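Trainee: Before I ask anything, let me first share the structure, which is written out below as structure tokens.
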Amino acid sequence: MSGHFRYTQWDPQLIVSQIITIQALFYTSLGVLIYISDCMTGHSPQLNHLFNYQELSVKSGHGRLIILSYFLNALFGAFVLWHLVQRAKPCLDFSVTTHVIHLVMCWLYSGHFPWGMWWWAVNILCVTITCVCGEFLCLKTELKSIPLTLSQRTEV
């Protein structure tokens, strides 16, 4: 342990609980954002808007709002990583894991692999946004000054 700034230990329970929490917050926030976009455009809320890759389209106003919801959710995901993971190094792992699980969920929901160009472009950009912004926030916190004294400074 000596010579290490921060003691890290392999803790599978912590990692799995972080993945579950991040995934739950990912779907909750994305669901709320898509619900708001559905209300704005007069569409009825459906799981298709969350899991059907064909809904991500720039041809309709509703499709563009769903894409915007994904991007806003990516920013929210960065804050989730900042609060739950608190370290820059695993941000890429958690970002990719979240979107790979989303890929599997979309595949299971629709019954076929998502081949849509816009689905892939949006999700790759979202992974990038979540990872880069999450790493930035975590690094900002990690690089704060570390107090070396335990007592308050007194003027003599």
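Trainee: Do you know which residues across the stretch 54-93 are acidic (D, E) and within 27 Å of F136 (Cα to Cα)? Please lay out each step first, then the result.
Mentor: Applying the first criterion (acidic (D, E)) to the stretch 54-93 yields 55, 93.
Passing the criteria: only D93.
Trainee: Out of the stretch 114-131, which residues are surrounded by fewer than 15 Cβ atoms within 10 Å (Cβ to Cβ) and either under 18 Å from R64 (Cβ atoms) or at pLDDT 95 or above (or both)? Write out each step before concluding.
Mentor: At the first step, the residues of the stretch 114-131 found to be surrounded by fewer than 15 Cβ atoms within 10 Å (Cβ to Cβ) are 115, 117, 120-121, 124-125, 128.
Correct list: M117, W120, A121, I124, L125, T128.
The values are calculated or read from the model by the stated rules, or taken from the named source; none is laboratory data. The structure displayed is predicted, hence computed values, not measured ones. In this analysis, Cβ positions are derived from the backbone assuming ideal geometry, glycine residues included, and neighbour counts consider all displayed protein chains.
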